[in-house]
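J.: Take this structure, written in structure tokens, and hold onto it; I'll ask about it next.
The values are calculated or read from the model by the stated rules, or taken from the named source; none is laboratory data. Here the structure is a predicted model, which means the values were calculated and not measured. Quick reminder, even Gly has a Cβ in these numbers, built from the backbone with ideal geometry, and neighbours come from all protein chains shown. Protein only, heavy atoms only, side chains kept; ligands, DNA and RNA dropped before computing areas. Shrake-Rupley method; radii C 1.70, N 1.55, O 1.52, S 1.80 Å.
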Amino acid sequence: MTVEADRLAAEYFDTGTLSGLPADHFIDGRWCPPVHGRTMETFDPGLGRAYHQFAAGDADDIAAAVDSAVRAGRDWARTRPAGRGNILARAAALLREEAPRLAVIESLDSGKPLAEAEGDVAGAARTFEYYAAAANTLQGDSFPLGHDYLGYSIIEPVGLTAHIIPWNYPLSTAARGIAPALAAGCTVIAKPAEQTPMTALLLAELLHRAGLPAGVCNVVTGTGGQAGAPLVRHPAVRHVSFTGSVQTGINVMQEAAANVTRVLLELGGKSPVVVLADADLDAAVEGILGAIFENAGQICSAGSRLVIDRRIHGEVVSRLVERAESLTIGHGLRRPQFGPLNSVEHLSRVAAHVEGARARGLSILTGGRPTMDPQTGKGWFFEPTIIDAAPADDPVVQQEIFGPVLVVQPFDTEEEALALANGTDYGLVAGVYTRDFSAAHRLARDIDAGQVFINEYFAGGIEVPFGGNKMSGFGREKGLAALDAYSRVKSVAARIGG
Ligand code: ADP
């Protein structure tokens, strides 16, 4: 894995691009050039330069994908779930075989360190394995109507599903939506983010090679406005899975409302990591670092607020500062511990949040400025940043920054910790570090979030349902809950005579 990935990384640094990258949409089981011939550029955030061109699709490309998916939908819905599962299992095997190339492309397109991209590809393979098996679990109920009646339910696929994918986890988010949708018997049109279109395209082609019939999974690339909006508002689409910002989620929900299309929204977060005084501080420090500096903090479920007992605040914060300052920064393909932000626009958004905190006189313990790859003097980097003792109503506490910025909120009592943890409009995840079993589960019960991690931030896997409360969205992905999201229940009640 490492040898092949490093060979591809060397190819990129030698040539400025990679051979064999997709440039077209993937529609009806083949590469399709954009109807209107328009293209756009995708960028390498580590060097701040364009490295490839891809299709800038619009409503006409979406129409072609919808035609194909509608044609393919009937047979796919009638394919036995075990047969659907076999194709997903072959896709998982192909993902593992092609992991080095996929990881390099993911790292290049998103900027994330190669090791993280390798983890994402392994996670995507695991997602397909899980839903390959889970396809067999879709079953209905029978209802107790008495001797003269027969009552039962049929689990049906919802039909054509749209998947609007963000730029921070392009392959993993595509996989976690597409795999359960296919397992449930739905067809798919995915629209990856315009910043990171590559791996969703490669996934669709790989699924086709795994035996997925033409038209069952299509990928159309382009901007949110030109390609995403026409997809979401297309009347043939029966479900939209959207992962992205709150405002775009609201727009998507409004567009989908016109056709009464169901939506699953996975939006932002401002997730707290609550550390009680009795916690294992080594584990807590490791967990907090990963929670906020993995993928340079560009994670919906990042632990961006450290809610910490004042008695251990000084010690933990000084250890965090030391560790943050020792992270190696660099181009994702050179295997750093910390990579760039995904785009220059996003870099200025993150910088503006921190400038605001500075102007309001908050204490920035480390970081706080844009920076560059020390090896090349290039790239869209922002320093790992820790802001201390921010008031609960400060914008850096309330607003999602989506970057490597940890905000510290000390507390004196468990009651206060809970109030701080719940004190934003978001409710995606929370972390709790303590050795006190009852305190851990009291907080898990009382924190308003879709999931709570105890003593290991990001604990869990594809088996665990994932989604938000409040402004973080609704609906659950992952786990068997995702199969429900892509299924609908038909009830049949019959009088059979007495
Ligand atoms: P960001 O602001 O960080 O780019 P967005 O939430 O706007 O994040 O983007 C997430 C995804 O939503 C991307 O694939 C983007 O192209 C898409 N998108 C943006 N606007 C719309 C829209 N109006 N309809 C459908 N998809 C959209």
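J.: For region 218-331, give me every one of the helices (runs of 4 or more DSSP H) that falls completely inside it and has 2 or more residues that are within 13 Å of the ligand (Cβ to nearest atom), in the same structural domain as Ala175 (by TED's automatic domain parsing) and touching a residue at least 12 places away in the same chain (Cβ under 8 Å). First the steps, then the outcome.
T.: On the way: elements: 229-232, 246-257, 281-293, 310-326.
Ranges flagged: 229-232, 246-257.
J.: Only one of Ile401, Ile387 is not in a loop (DSSP other than H, G, I, E, B) and not charged (D, E, K, R); which?
T.: Working: Ile401 fails: not in a loop (DSSP other than H, G, I, E, B).
On inspection, the qualifying residue turns out to be Ile387.
J.: A follow-up question, please. Look at region 415-449 and say how many of its residues are closer than 16 Å to Leu306 by Cβ and outside any loop (DSSP other than H, G, I, E, B).
T.: Number of matching residues: 13.
J.: Which of the residues that make up region 46-63 are buried (at least 20 other Cβ atoms within 10 Å of the Cβ) and more than 16 Å from Pro22 (Cβ to Cβ)?
T.: Gly46, Leu47, Asp58, Ile62 - these are the residues of region 46-63 that are buried (at least 20 other Cβ atoms within 10 Å of the Cβ) and more than 16 Å from Pro22 (Cβ to Cβ).
J.: Okay, next question. Please tell me if Pro213 is closer than 18 Å to Ala257 by Cα, part of a loop (DSSP other than H, G, I, E, B) and either aliphatic (A, V, I, L, M) or away from the ligand (no atom under 15 Å from the Cβ) (or both). Before you say what the answer is, go through the steps one by one.
T.: Values: closer than 18 Å to Ala257 by Cα: no; part of a loop (DSSP other than H, G, I, E, B): yes; either aliphatic (A, V, I, L, M) or away from the ligand (no atom under 15 Å from the Cβ) (or both): yes.
For Pro213, the condition - closer than 18 Å to Ala257 by Cα, part of a loop (DSSP other than H, G, I, E, B) and either aliphatic (A, V, I, L, M) or away from the ligand (no atom under 15 Å from the Cβ) (or both) - is not met.
J.: May I ask you to list the residues in region 475-496 that are open to solvent by 70 Å² or more (accessible area, probe 1.4 Å) and in contact with a strand residue (DSSP E or B) (Cβ under 6 Å, 6 or more places away or on another chain)?
T.: Correct list: Arg488, Val489, Lys490, Ser491, Ala493, Arg495, Ile496.
J.: Mind checking which residues of region 479-498 are at positive phi and at pLDDT below 95?
T.: To start, the set of residues in region 479-498 that are at positive phi comprises 479, 497.
The answer is Gly497, and nothing else.
Okay, residues lined up against (1) buried (at least 21 other Cβ atoms within 10 Å of the Cβ); (2) in contact with a helix residue (DSSP H, G or I) (Cβ under 6 Å, 6 or more places away or on another chain):
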position: Val237; (1), (2): yes, no
position: Ser245; (1), (2): no, no
position: Asn259; (1), (2): no, no
position: Val273; (1), (2): yes, yes
position: Ala277; (1), (2): no, yes
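J.: Of all residues in region 380-399 being in contact (Cβ under 8 Å) with a residue 40 or more places away in the chain and farther than 15 Å from Asn295 by Cα, which is most open to solvent (accessible area, probe 1.4 Å)?
T.: Gln399
J.: Since Tyr426 meets every condition but one in (1) more than 20 Å from Met471 (Cα to Cα); (2) open to solvent by 10 Å² or more (accessible area, probe 1.4 Å), which condition does it not meet?
T.: Checking Tyr426 against (1) more than 20 Å from Met471 (Cα to Cα); (2) open to solvent by 10 Å² or more (accessible area, probe 1.4 Å), the one that fails is (1).
Residue by residue, here is whether (1) under 29 Å from Pro166 (Cα atoms); (2) in contact with a Pro (Cβ under 7 Å, 6 or more places away or on another chain) holds:
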residue: Phe242; (1), (2): yes, no
residue: Met253; (1), (2): yes, no
residue: Leu265; (1), (2): yes, no
residue: Ala277; (1), (2): no, no
residue: Leu333; (1), (2): yes, no
residue: Phe338; (1), (2): yes, yes
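J.: Here is a further query. Of the conditions (1) β-branched (Val, Ile, Thr); (2) assigned to a helix (DSSP H, G or I); (3) within 15 Å of the ligand (Cβ to nearest atom), Thr127 fails just one. Which one is it?
T.: (3)
J.: Check Val464, Val452, Val489 and return the single one that is assigned to a loop (DSSP other than H, G, I, E, B) and hydrophobic (A, V, I, L, M, F, W, C).
T.: Values: Val452 fails: assigned to a loop (DSSP other than H, G, I, E, B); Val489 fails: assigned to a loop (DSSP other than H, G, I, E, B).
Of the residues listed, the single one that is assigned to a loop (DSSP other than H, G, I, E, B) and hydrophobic (A, V, I, L, M, F, W, C) is Val464.
J.: Next up: Check region 435-442 and report whether any residue there is outside the structural domain of Val252 (by TED's automatic domain parsing), within 16 Å of the chain's Cα centre (by Cα) and over 23 Å from Glu315 (Cβ atoms).
T.: Restricting attention to region 435-442, the residues satisfying the condition of being outside the structural domain of Val252 (by TED's automatic domain parsing) are 435-442.
Subset that is within 16 Å of the chain's Cα centre (by Cα): none.
Within region 435-442, not a single residue is outside the structural domain of Val252 (by TED's automatic domain parsing), within 16 Å of the chain's Cα centre (by Cα) and over 23 Å from Glu315 (Cβ atoms).
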